[in-house]
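Remarks on the structure that follows.
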Amino acid sequence: MKLFQSAFIFIYLVLLASVGSAQEMTQTIRGIISDKDTREPLIGAALQVFIEGKSLGVVADAQGKFKLSNVPLGRASIKVSYVGYETRTLSDILVHSAKEVILNIELTEKIERIDDVIIKANKDKSRANNELILVSGRSFTVDQANRYAGGFNDPSRMAANFAGVAGGGNDQRNDIVIRGNSPMGLLWRLEGADIPNPNHFGSQGANGGPVSIVNTNMLSNSDFLTGAFPAEYGNANAGVFDLKLRNGNNEKREFIGQVGFAGLELLAEGPIQKSKGSSYMLSYRYSTLSLFEAMGIQFGNSGIPKYQDVSFKFNFPETTLGAISFFGIGGKSSTQLLDSKKTSQERAILSNAQDVDFASSMGVIGFTHTLRMGNKAYLKTILSASGESNVVRVDTLSNSNVPFYLLGRTTNNSRQSLHTFYNHKINAKHSFKIGVIGSRIGGAMYDSLWVNSLQSYFPRLFFSEHAYLVQTYINYNYRFTSRLTLNAGLHFNTLQLNRSSSLDPRASLRYQLRANHALAFGYGKHSQTQPLLTYFTKTLVDTVNQVYANTNSQLRMSEAHHFVLTYDWLLEENTRLKMETYYQYLNQLPVTQNPSYFSTVNFGADFIPVYADSLVNSGTGYNYGLEITLERFFNKGFYYLFTGSFYESKYRASDLIWRNTAFNGNFVLNALLGKEWKVGKSKTNIFGLNLKIVYSGGRRFIPINEMASRQKGDVVYIENEAYRNRLPAFFRSDFKISFRQNAKKYTQEFALEIQNIFNTQNVLNQIWNPATGSMQTNYQIGFFPVPFYRIYF
């Protein structure tokens, strides 16, 4: 019934919006064309736009700028050429009535020698924007994030569709598991600054959350890396999410308003000083359910997720000191889960009746400065400050519903960083980048738990400390010929806290076998420091005098050696097949001194902080797998993406037994496809259908000894069988129906997204319920319709 009601409302709104849409409308495409390595403007570069059967052209001016007016609405293909440079084609550029299309296009200089055999290779449209990424990387666009079903306009959920990526086994969260590694091994980077977990309801011990703070409406094309990444990325051993913010419109004011799963959002952008090309972009978002609650609409006893966030970027490209920008994102969130509001009958069957208060916040502010140094080099500096915090309070409830303060935890993390690098192009064949990242990392935590046997509160962890991390890197790019490219570099980490360090070599080689076939190989050693709370988790050595010892302070960095082999086959201009196989060897993983199954390789599996003392760097592990991607890029109103990931992820702890990691799901299969139709009298409106299907291995778990738990009255785990078995396989289908109307002064979009259209009962976990003396199975989200509306004006 909910489905029919939602569909009826959607169709009614679409029909209402379609009235009076037969108007002749056009838009403007403009931007800058520059050298990819030096940022030098390319004067006289030619740009052609192909759209709706028409061809339009323009030439860049003395500043590399171009402007093309009266462009028909639709999806454009853009071809950019310049003497001595490789021609570049951009496809699937959405042109609608209410927003100008602004492009910053970078071209790569050609390698031309008489004795070379020049092969014109079709460009892989998913190749990363960073030309140093030759393996295990791809770009993604804002349009993809907004188009894919099941994505909630969330970059993390969109990335879960790519080969090699699995969710954290919980469809209420967006944690990213790459090739069986912990989500804690993912590096988040924004505008060149390393940042903390950019999600609402983030917690210590997790790298995801239910709702992203990152606003996709503010993103430019960005990169996602899954292994053997270049030397400029460090202190991560799983992958990289390299996010870029676009610049605001520097000639006219534009606005976006939208409401959906992520909340109610307003975005404004426009010029600050037109003559200097400066601009601003601001957005604010408020949780939808909080808004309804403020209006008096009640949702029962379940906790209402309350959150809000803000994002901004101010860009000044033409100052006397060079190009300058200021950017930032930030958000805060809170919720209450109150069993005390339930009836006594409902509380009687709960595993643990309790009230939980949770609040979190995260923020980043940054400053960038880019200085061109002649026509061959530039220097870029990024200053940033970031932080995250969360507060948890748990009260247990007696049989008479009286609360008792059980647990309190407050966590604060901060980082102040300076990242500066020098990029120099020697000639068309040789270029290098050298940089340094200096960070002050601070952390404070207080965790107090009531212990019945002591009849007092026990401080499980209490510290306020900081450490300095210095990273230096150099990267060299050598294009032997137009067919063969080498990228090699070194990354050096040193942690002041215990003077541990690591020198990490990186190298990748790509060879264009034929026009549509390419082979690439990559290797990288990737080191990562431990979470700050791990270094400062102490061991109680004197219970009488409460004396603690710092038994973790000398832990070295964990290491991962990545080996990747890639084969790319462009079947036709808009379709490609990619196969990638990899092997990763993990070593220096912290494990307990006494024999146990514990290893930090499983951090992030339970989304809570883990306190383990007396650790040593003797754990090992490995991951290997095969990934297959068949992708048709959006063309003629149709796209599809099929990915298959088949992998093993194992580790060995201090008990010397090889086990599955908590993230070894063994396989992930994704199928996404969509179709758009032009509708309306002038064929300027768009009706779209999108489908997503995912089938993956279930979460690993530690089994519970039911008999022992029943006798003890509390849960007892079978630790020697940790992660041996999986929960049932995960299957979900999502469907999205959308309509976009182009009017003279605005564009509006209606969408209805139906999560889990078959209401599949996917198991979230199985826990011991002491109230019933039996196992309790909890399930993930069932059938869930989500309406969405966006307007550009």
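The values are calculated or read from the model by the stated rules, or taken from the named source; none is laboratory data. Note that this is a predicted model, so its numbers are computed, not measured. Note that we place each Cβ from the backbone using ideal geometry, even for glycine, and neighbour counts take in every protein chain shown. Ligands, DNA and RNA are excluded from the accessible area calculation, which covers all protein heavy atoms including side chains. Shrake-Rupley method; radii C 1.70, N 1.55, O 1.52, S 1.80 Å.
Data table
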{"read-out": "Region 501-519, residues that are surrounded by 18 or more Cβ atoms within 10 Å (Cβ to Cβ) and more than 30 Å from Leu570 (Cβ to Cβ)", "value": "Ser502, Asp504"}
{"read-out": "Selection from region 431-446 of residues that are open to solvent by 50 Å² or more (accessible area, probe 1.4 Å) and modelled with pLDDT under 95", "value": "Tyr446"}
{"read-out": "Residue in region 520-542 that is open to solvent by 40 Å² or more (accessible area, probe 1.4 Å) and β-branched (Val, Ile, Thr) present", "value": "yes"}
{"read-out": "Contacts under 8 angstrom Cβ, first residue in region 570-589 being part of a loop (DSSP other than H, G, I, E, B), partner of a type in the set (Gly, Ala, Ser) and surrounded by 15 or more Cβ atoms within 10 Å (Cβ to Cβ), 6 or more apart", "value": "Asn574/Ser91"}
{"read-out": "Residue tally, condition buried (at least 19 other Cβ atoms within 10 Å of the Cβ) and of a type in the set (Ser, Thr, Tyr), over region 550-567", "value": "2"}
{"read-out": "Members of region 340-358 found to be touching a strand residue (DSSP E or B) at 6+ places or on another chain (Cβ under 6 Å) and open to solvent by less than 40 Å² (accessible area, probe 1.4 Å), listed by number", "value": "Ser340, Ser351, Ala353, Asp355, Val356, Phe358"}
{"read-out": "Breaking point among (1) out of contact with any Leu (no Cβ under 8 Å at 6 or more places or on another chain); (2) buried (at least 16 other Cβ atoms within 10 Å of the Cβ), for Asn545", "value": "(2)"}
{"read-out": "Yes/no for Ala262 being of a type in the set (Gly, Ala, Ser), under 17 Å from Asn215 (Cα atoms), within 28 Å of the chain's Cα centre (by Cα) and modelled with pLDDT of 95 or more", "value": "no"}
{"read-out": "Counted residues, region 753-777 - those being touching a residue at least 60 places away in the same chain (Cβ under 8 Å) and assigned to a strand (DSSP E or B)", "value": "13"}
{"read-out": "Options Asn487, Asn493, Asn477, Asn498: the member that is open to solvent by less than 30 Å² (accessible area, probe 1.4 Å) and touching a Gly at 6+ places or on another chain (Cβ under 7 Å)", "value": "Asn493"}
{"read-out": "Residue in region 768-783 that is modelled with the lowest pLDDT, counting only those that are under 30 Å from the mean Cα position of the chain (by Cα) and β-branched (Val, Ile, Thr)", "value": "Ile781"}
{"read-out": "Count - residues of region 446-493 that are outside any strand (DSSP E or B) and more than 24 Å from Ile426 (Cα to Cα)", "value": "4"}
{"read-out": "Neighbours by Cβ (under 7 Å, 6+ apart or cross-chain): first from region 36-48, under 17 Å from His430 (Cα atoms) and among the basic types (Lys, Arg); second modelled with pLDDT under 95 and open to solvent by less than 10 Å² (accessible area, probe 1.4 Å)", "value": "Lys36/Leu107"}
{"read-out": "Hits in region 216-241 (condition: of a type in the set (Asp, Glu) and surrounded by fewer than 24 Cβ atoms within 10 Å (Cβ to Cβ))", "value": "Asp223"}
{"read-out": "In region 530-569, the residues that are assigned to a loop (DSSP other than H, G, I, E, B) and either touching a residue at least 40 places away in the same chain (Cβ under 8 Å) or within 23 Å of the chain's Cα centre (by Cα) (or both)", "value": "Gln530, Pro531, Phe536, Thr537, Lys538, Thr551, Asn552, Ser553, Gln554, Leu555, Arg556, Met557"}
{"read-out": "Out of Leu406, Leu383, sole residue that is modelled with pLDDT of 90 or more, open to solvent by 40 Å² or more (accessible area, probe 1.4 Å) and closer than 30 Å to Asp447 by Cα", "value": "Leu406"}
{"read-out": "Qualifying strands (runs of 3 or more DSSP E) (wholly inside region 595-684; at least 2 residues being open to solvent by less than 20 Å² (accessible area, probe 1.4 Å) and not charged (D, E, K, R))", "value": "615-635, 638-652, 667-679"}
{"read-out": "Filtered residue count, region 332-386, keeping only those that are among the polar types (S, T, N, Q), part of a loop (DSSP other than H, G, I, E, B) and over 30 Å from Tyr422 (Cα atoms)", "value": "3"}
{"read-out": "Contacts under 6 angstrom Cβ, first residue in region 235-256 being within 21 Å of Ile382 (Cβ to Cβ) and basic (Lys, Arg), partner assigned to a loop (DSSP other than H, G, I, E, B) and open to solvent by 10 Å² or more (accessible area, probe 1.4 Å), 6 or more apart", "value": "Lys244/Ser220; Arg246/Ser220"}
{"read-out": "Candidates Gly192, Gly180, filtered to the one that is touching a strand residue (DSSP E or B) at 6+ places or on another chain (Cβ under 6 Å), closer than 30 Å to Tyr511 by Cα and open to solvent by 10 Å² or more (accessible area, probe 1.4 Å)", "value": "Gly192"}
{"read-out": "Residue match in region 778-792 (condition: of a type in the set (Val, Ile, Thr), touching a Phe, Trp or Tyr at 6+ places or on another chain (Cβ under 8 Å), assigned to a loop (DSSP other than H, G, I, E, B) and open to solvent by 30 Å² or more (accessible area, probe 1.4 Å))", "value": "no"}
{"read-out": "Residue check, Phe783 out of contact with any Lys or Arg (no Cβ under 8 Å at 6 or more places or on another chain) and farther than 30 Å from Lys99 by Cβ", "value": "no"}
{"read-out": "Selection within region 202-214 - part of a loop (DSSP other than H, G, I, E, B) and either small (Gly, Ala, Ser) or crowded, with 24+ Cβ neighbours inside 10 Å (or both)", "value": "Gly202, Ser203, Gln204, Gly205, Ala206, Asn207, Gly208, Gly209, Ile213, Val214"}
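Let's see how each residue does on (1) in contact with a Leu (Cβ under 6 Å, 6 or more places away or on another chain); (2) at positive phi; (3) not in a strand (DSSP E or B):
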position	(1), (2), (3)
Lys692	yes, no, no
Ala708	no, no, yes
Gln711	no, no, yes
Asp714	no, no, yes
Asp734	no, no, no
